[in-house]
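The values are calculated or read from the model by the stated rules, or taken from the named source; none is laboratory data. It should be emphasised that the depicted structure is a prediction, and the values quoted were computed from it without experimental measurement. All Cβ positions, glycine included, derive from the backbone under ideal geometry; neighbour counts span all protein chains shown. The protein model used for the area step is the full one, side chains on, heavy atoms only, and it has no ligands, DNA or RNA in it. Shrake-Rupley method; radii C 1.70, N 1.55, O 1.52, S 1.80 Å.
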Amino acid sequence: FYSVALFSFFYFSYFKMPKEFSGIVMEQVIFNVNSAIICYDMFGKCIYINKVAEQIFEISKSEDKNFLVESYLMRWKRVYPNFDKEIRTDDDYFVIDGEIHTFKGELRPLKDSKDRLIGYFIKLDDRTNELKALEKEEYLATHDSLTGLLNQESFFKKAHEILLEDLEVQRYMV
């Protein structure tokens, strides 16, 4: 009895539990990540989409997610017909809750251990807050904080650009 119990304990603790645990961990990571994640089979059929991706594509429980999500993969495949490695893009736009969001995209082919294509993986990262922060930083660097007008350096730079646009036109300032 003790040898069977010891063997069972050894089997479950070294073989069964780590596989189940790693599967649960991977599922939770993908489910709770802040990026949109979409997985496709080798024929372009959507096999997984996380909550963030459902929000981006405005998919409710009653709608057919496959049409919207699979057409998105087809759009990538039209732009990059013969890709074999990871492809990254910037500035893909989606409307979420009435606001335009900017996403950085990544498309990867999924391959097995023999380097055969088994599917595709798309990850979309929201860059909206990052771009808004850069825009605000740029505004603060070029405008006066009290008046909201161009600061001295930005004013001279803009005036110089305008003067160089057409050298034949006479201009004056008031």
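Which of the following residues is on the phi < 0 side of the Ramachandran plot, among the hydrophobic types (A, V, I, L, M, F, W, C), modelled with pLDDT of 85 or more and touching a helix residue (DSSP H, G or I) at 6+ places or on another chain (Cβ under 7 Å): I38, I96, I47, I100? Lay out the reasoning, then the answer.
Values: I96 fails: modelled with pLDDT of 85 or more; I47 fails: touching a helix residue (DSSP H, G or I) at 6+ places or on another chain (Cβ under 7 Å); I100 fails: touching a helix residue (DSSP H, G or I) at 6+ places or on another chain (Cβ under 7 Å).
None of the other options fit; the residue is I38.
Hey, I100 hits all of (1) closer than 21 Å to F57 by Cβ; (2) open to solvent by less than 80 Å² (accessible area, probe 1.4 Å); (3) not charged (D, E, K, R) but one; which does it fall short on?
It fails just one condition, (2).
State which residue pairs qualify: first residue within 21 Å of T128 (Cα to Cα) and inside segment 22-46, second residue at pLDDT below 80 in any location, beta carbons under 6 Å apart, and separation of 6 or more residues or different chains.
I37/I30
Name the residue, out of D166, D112, D125, D144, that is open to solvent by less than 100 Å² (accessible area, probe 1.4 Å), among the acidic types (D, E) and touching a Leu at 6+ places or on another chain (Cβ under 8 Å).
Numbers: D166 fails: touching a Leu at 6+ places or on another chain (Cβ under 8 Å); D112 fails: touching a Leu at 6+ places or on another chain (Cβ under 8 Å); D125 fails: touching a Leu at 6+ places or on another chain (Cβ under 8 Å).
Selected residue: D144, the only one of D166, D112, D125, D144 that is open to solvent by less than 100 Å² (accessible area, probe 1.4 Å), among the acidic types (D, E) and touching a Leu at 6+ places or on another chain (Cβ under 8 Å).
Looking at (1) part of a loop (DSSP other than H, G, I, E, B); (2) open to solvent by less than 100 Å² (accessible area, probe 1.4 Å), can you tell me which one R171 breaks?
The failed condition is (2).
Of the conditions (1) of a type in the set (A, V, I, L, M); (2) closer than 30 Å to I49 by Cβ; (3) open to solvent by 70 Å² or more (accessible area, probe 1.4 Å), L150 fails just one. Which one is it?
(2)
Does S154 qualify as being touching a Ser or Thr at 6+ places or on another chain (Cβ under 9 Å), among the small types (G, A, S) and over 21 Å from I38 (Cβ atoms)? I'd like the intermediate steps shown before the answer.
Details: touching a Ser or Thr at 6+ places or on another chain (Cβ under 9 Å): yes; among the small types (G, A, S): yes; over 21 Å from I38 (Cβ atoms): yes.
Yes.
Applying the selection to segment 50-86, what residues are among the aromatic types (F, W, Y) and at pLDDT 85 or above? Write out each step before concluding.
The first filter runs over segment 50-86 and keeps only residues among the aromatic types (F, W, Y), leaving 57, 67, 72, 76, 80, 83.
Residues satisfying the conditions are Y72, W76.
Under 7 Å between Cβ atoms, which residue pairs at least 6 apart in sequence (or on different chains) link something in segment 72-99 that is in contact (Cβ under 8 Å) with a residue 24 or more places away in the chain with a partner that is open to solvent by 70 Å² or more (accessible area, probe 1.4 Å)?
D90/K104; I96/Q55
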